[in-house]
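The values are calculated or read from the model by the stated rules, or taken from the named source; none is laboratory data. Since the structure is predicted, the reported quantities are computational estimates derived from the model, not experimental observations. Quick reminder, even Gly has a Cβ in these numbers, built from the backbone with ideal geometry, and neighbours come from all protein chains shown. Note: areas computed on protein heavy atoms with side chains; ligands, DNA, RNA excluded. Shrake-Rupley method; radii C 1.70, N 1.55, O 1.52, S 1.80 Å.
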Amino acid sequence: MTFWTGEINDAHRFEAEVGFYDTTLRDGEQTVGVVLTPEDKLELARGLDELGIERIEAGFPRVSADDWRAVELIRDAGLQAEVWGFSRAVDADVQALVELDVGASVIESPISDLKLAALGVDRDAMLQRIVKAVSFAAEQGIRVAFFGVDGSRADPFYFETVYKTAVEAGAAEVVVVDTIGIATPEAVAELIGRTTEWVGRDHPVHFHGHNDFGLATAAAVAAVRAGARWIQGTVNGMGERAGNANLPEIALALQGLYGVETRLRLERVRAFAARLQHLSGYELEPYKPLVGDNLFQRESGAVASQFHDPQAIEPYSSDVVAAKRGIVLGKKSGIDSIRIKAEELGLDLDEDAQRELLARVKELGTQKRDVVSDEEFRQLARG
């Protein structure tokens with residue numbers, strides 16, 4: 001893969017082993033207005049598997065009969081990825097995992113005083129619930145990753161107590177959770193480091209972040225640098241409020257900027273992201289990193305003059321993400337834009353014709369307040 005990022009990041013590269021835990025089918029579906037059928041989720045799970053995602057959260061079976069069915073379908077799909085469930089620290093939730101024969105699951109529980117007060121549960125009572133749920137799941141052979149909801153706003157001493165207690169109760173892994181997306185990358189790195197010390201390096205630490213301040217990708221990279229073994233997130237950054245950490249963006253940043261390899265197949269992301277958009281009913285900004293329509297399209301004449309030299313105007317090759325490069329025409333076009341588009345469409349135009357056509361293109365683009373289509377360009381060229 002070809003990245004043109006120069007030497008500025010060389011001193012900040014690091015080595016790490018990190019895997020991706022995808023929660024598009026559960027946390028991603030919590031995006032307002034999104035409803036995915038069990039069959040949709042099965043299709044998406046297969047697509048995530050083909051992307052190279054190592055762990056797929058199939059869903060929260062106690063939410064509905066459809067969610068239960070989705071977990072069954074994905075469990076039996078023969079995926080290479082590990083299939084995980086989701087549960088609260090509630091007996092009936094864990095029993096559902098047992099009935100479904102799910103071999104691994106997150107078990108969540110709120111641990112910040114803000115969340116506990118909202119639920120009317122004190123610290124000791126919640127700790128007892130955690131011990132009961134985690135120990136029962138572990139006794140049933142389920143690999144548990146304890147997930148402390150709103151951990152980034154929890155009292156540090158209670159956080160430490162809860163996570164140590166969860167491990168003692170049988171949790172094999174733990175998740176540091178920035179539920180409201182309020183932790184800076186520096187704070188995330190510190191919390192990952194402390195948690196690793198508290199639970200021991202034989203208990204892998206995950207990071208689960210949200211994007212409320214636009215820092216989810218940066219926070220995830222900081223977590224990896226600090227020793228997080230798993231990053232949780234979604235494709236397209238789907239999720240409540242401002243969404244979850246965007247796994248493909250994190251993979252792109254890790255590989256292109258920090259030299260950290262992941263198993264995510266970047267060249268397949270755009271196709272999967274488009275299918276996910278269709279099924280979820282959401283459109284993405286055209287300037288969205290990695291999957292946006294505009295990333296390798298150029299309208300500016302000043303940039304079009306350098307179009308022949310991709311590394312002069314792009315940070316990485318379009319081949320990295322299997323995107324198509326192209327020139328579009330409009331108000332901001334220049335003479336090079338006209339020349340390149342004419343060659344692309346097989347139109348033979350001399351310099352005078354090109355300059356006359358440029359004026360027409362600028363005029364039409366201004367009137368439309370949009371780009372000029374290829375067919376409109378042909379019509380203008382015909383006079």
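Among the GluC sites (Glu not before Pro) within segment 16-88, those in coil by DSSP and having at most 11 neighbouring Cβ atoms inside 10 Å are Glu17. Scanning residues 5 or more positions from Tyr316 or on other chains, those with amide H under 5 Å from its amide H are Trp4, with H placed 1.01 Å from N in the peptide plane.
Looking at the chain, the accessible area is 46 square angstrom per residue; that uses a 1.4 Å probe and ignores ligands, DNA and RNA. Listed values for segment 31-43 are Karplus-derived 3J(HN,Hα) couplings in whole Hz (6.51 cos²θ - 1.76 cosθ + 1.60, θ = phi - 60°), namely 4, 3, x, 8, 9, 10, 6, x, 5, 4, 5, 5, 4, and x replaces Gly and Pro. When you filter the chymotrypsin sites (Phe, Trp or Tyr not before Pro) in segment 253-283 for DSSP loop state and at most 16 other Cβ atoms inside 10 Å of their Cβ, you are left with Tyr282.
Nearest 10 degrees is fine. How inclined is helix 269-280 to the longest principal axis of the chain, computing both from alpha carbons? Once rounded, one gets 70 degrees.
Computed from phi, the 3J(HN,Hα) profile of segment 147-163 under the Karplus parametrisation 6.51, -1.76, 1.60 (θ = phi - 60°) reads 10, x, 4, 6, x, 5, 10, 7, 4, x, 5, 5, 3, 4, 4, 4, 5 Hz, with x in place of Gly and Pro. Using the Cα coordinates of segment 273-352, the gyration tensor eigenvalues translate into equivalent-ellipsoid semi-axes of 27, 14, 11 Å, sorted from longest to shortest. Annotated for the chain: lysine pairs at least 8 residues apart or interchain, Cα distance under 29 Å, count 23.
Adding -39500 (n - 2.57) for every DSSP H run of four residues or longer, then dividing by how many residues the chain holds, sets the calculated 222 nm ellipticity at -13000 deg cm²/dmol. Rounded to the nearest angstrom and listed largest first, the equivalent-ellipsoid semi-axes of segment 75-192 from its Cα gyration tensor are 25, 17, 12.
Here the chain is treated with +1 on each Lys and Arg Cβ and -1 on each Asp and Glu Cβ, and its dipole about the Cα centre works out to around 420 debye.
How much of the DSSP beta bridge set in the chain is antiparallel, as a percent to the nearest 5? Counting only bridges with both partners in the chain, antiparallel ones make up about 10 percent. When only Cα pairs below 8 angstrom with a gap of at least 6 residues are kept, the chain shows a relative contact order of 16 percent. Considering only Leu329, Ser318, Gly365, the residue lying farthest towards the positive end of the dipole of segment 308-383 is Gly365, judged by Cα position with unit charges set on Cβ.
Charge dipole of segment 91-211 (Cα centre as origin; +1 on each Lys and Arg Cβ, -1 on each Asp and Glu Cβ, all else neutral): 80 debye, rounded to the nearest 20.
Relative to the longest principal axis of the chain, what angle (0 to 90°, nearest 10) does the C-alpha long axis of helix 335-345 take? Between helix and principal axis, roughly 80 degrees.
Residue-wise HN-Hα couplings along segment 186-196, as the Karplus relation 6.51 cos²θ - 1.76 cosθ + 1.60 with θ = phi - 60° gives them from phi, are 5, 5, 4, 4, 5, 5, 4, x, 5, 4, 4 Hz; Gly and Pro carry x. Note on the chain: with a GNM built from Cα contacts shorter than 10 Å, the maximum mean-square fluctuation among Phe147, Phe14, Phe157 falls on Phe157. Of the residues Phe147, Thr5, Val102, the one whose Cα sits farthest towards the positive end of the charge dipole of the chain is Thr5 (charges of +1 on Lys and Arg Cβ, -1 on Asp and Glu Cβ, taken about the Cα centre).
Remark: relative contact order (segment 17-130) = 20 percent; criterion is Cα-Cα distance under 8 angstrom and separation of 6 or more residues. Averaging the sequence gap over all C-alpha pairs within less than 8 Å and six or more residues apart, then dividing by the number of residues, gives segment 1-61 a relative contact order of 45 percent. For the pair segment 253-304 / segment 1-54, the C-alpha centres are spaced 12 Å from each other. Projecting label points 7 angstrom from Cα along Cα→Cβ for Lys368 and Glu39 puts them 3.8 nm apart. Amide H contacts of Val149: Ser109, Ile111, each under 5 Å away and 5 or more positions distant or on a separate chain (H built 1.01 Å from N in the peptide plane; Pro and chain starts excluded).
Applying both filters, DSSP loop and at most 13 other Cβ atoms within 10 Å, to the trypsin sites (Lys or Arg not before Pro) of segment 254-339 gives Arg263, Lys324. Expressed as an acute angle from 0 to 90° and rounded to the nearest 10, what is the orientation of the C-alpha long axis of helix 65-75 relative to the principal long axis of the chain? Result, in degrees: 80.
Would you please report the Å³ per residue occupied by the convex hull of the alpha carbon atoms in segment 231-383?
137
Near Gly243, the amide H atoms lying under 5 Å from its own belong to Asn211; only residues 5 or more places off or on other chains count, and H is placed 1.01 Å from N.
Rounded to a whole number, what % of the accessible area of the chain do carbon and sulfur atoms account for, probe 1.4 Å? About 48 percent, which is the carbon plus sulfur part of the accessible surface.
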